[in-house]
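Visitor: The structure is given below, and queries will be raised subsequently.
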Amino acid sequence: MRKHDGTLTTGQLAPLLRIPHRTVDRWIREGVITPTIEQGGRQHRYRLMIVPDCLAIATARGMRASGLSMDAAAAVMDFLMSQTEAGLLAAFARGETAVMVIGDTAMPRFVPPKAITENHHIDYAAAKQVGVMPIGVDIARVYSNLTQSLRGPSAEGLADKLAATC
């Protein structure tokens, strides 16, 4: 693993998330994800992902593993990929650490967790009855797990930690 400088190659990202490198390449070809930087070499093209890109992919993977829809995961992924790492940290400092998902609808903005758990605009009884309970995705916790892994000597167990936090 390279020293954490805010970027990972797609080849480094794939094992962190326990997905095949070919899957990451396919997602790039299909436009699901866009690498932040592409550097051409004689025989290789290096695609670099910055922390918000990695966070978006990790969060979407965890959301899908938890049974949330691809539409909800894609909306959250697009939102996170539009952020800078400084913007993420500023939102976290304001206490806005989560995004809300209701059914197949993601609210693509940071909110305090209480905006999900103690929201008087949501009829939780009716939501439970129809099976669309609001879910909060703790982006700050996924970010913490991701950046700790990037700084640490080993990435073992990151995929499990990430899936558990979504």
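The values are calculated or read from the model by the stated rules, or taken from the named source; none is laboratory data. Remember, it's a predicted structure, so these values are computed and weren't measured experimentally. Ideal geometry is used to build each Cβ from the backbone, glycine not excepted, and the neighbour counts take in all protein chains shown.
Visitor: Looking for whichever is surrounded by fewer than 18 Cβ atoms within 10 Å (Cβ to Cβ), modelled with pLDDT under 85 and among the acidic types (Asp, Glu) here; the options are Glu118, Glu85. Which one fits? Before you say what the answer is, go through the steps one by one.
Guide: Working: Glu85 fails: modelled with pLDDT under 85.
That would be Glu118, the only listed residue that is surrounded by fewer than 18 Cβ atoms within 10 Å (Cβ to Cβ), modelled with pLDDT under 85 and among the acidic types (Asp, Glu).
Visitor: Shifting gears a bit: Please count how many residues of the stretch 65-82 are more than 9 Å from the chain's Cα centre (by Cα), assigned to a helix (DSSP H, G or I) and buried (at least 16 other Cβ atoms within 10 Å of the Cβ).
Guide: 4
Visitor: Next question, about the same structure. Based on this model, can you work out whether Ala127 counts as assigned to a helix (DSSP H, G or I) and surrounded by 15 or more Cβ atoms within 10 Å (Cβ to Cβ)?
Guide: Numbers: assigned to a helix (DSSP H, G or I): yes; surrounded by 15 or more Cβ atoms within 10 Å (Cβ to Cβ): no.
No; evaluated as a whole, the condition is false for this residue.
Visitor: Taking the stated definitions as given, is Gly62 more than 14 Å from the chain's Cα centre (by Cα), small (Gly, Ala, Ser) and either modelled with pLDDT of 80 or more or part of a helix (DSSP H, G or I) (or both)?
Guide: Values: more than 14 Å from the chain's Cα centre (by Cα): no; small (Gly, Ala, Ser): yes; either modelled with pLDDT of 80 or more or part of a helix (DSSP H, G or I) (or both): yes.
In short, no.
Visitor: Counting only residues that are touching a helix residue (DSSP H, G or I) at 6+ places or on another chain (Cβ under 6 Å), within 16 Å of Ala127 (Cα to Cα) and either of a type in the set (Lys, Arg) or not in a strand (DSSP E or B) (or both), how many does the stretch 91-108 have?
Guide: Going through the stretch 91-108 one residue at a time, the tally reaches 1.
Visitor: I've got another one for you. Could you give every pair whose Cβ atoms fall below 7 Å, whose first residue belongs to the stretch 73-90 and is without any contact (Cβ under 8 Å) to a residue 40 or more places away in the chain, and whose second residue is assigned to a helix (DSSP H, G or I) and of a type outside the set (Gly, Ala, Ser), counting only separations of at least 6 or pairs across chains?
Guide: Ala73/Met63; Ala73/Arg64; Gln83/Pro52; Thr84/Pro52
Visitor: Let me ask you something else. Would you be able to tell me the number of residues in the stretch 33-51 that are at pLDDT 75 or above and in a loop (DSSP other than H, G, I, E, B)? Working first, answer last.
Guide: Kept after step one, since they are at pLDDT 75 or above, are these residues of the stretch 33-51: 33-35, 49-51.
Within this subset, residues satisfying the condition of being in a loop (DSSP other than H, G, I, E, B) are 33-35.
Final tally of qualifying residues: 3.
Visitor: Further question: Within the set of pairs 6+ apart or on separate chains, which have a first residue in the stretch 10-38 that is under 18 Å from Phe79 (Cα atoms), a second that is at pLDDT below 80 and assigned to a loop (DSSP other than H, G, I, E, B), and C-beta atoms under 8 Å apart?
Guide: Note: pairs meeting the criteria are Trp27/Ile33; Ile28/Thr34; Ile28/Pro35.
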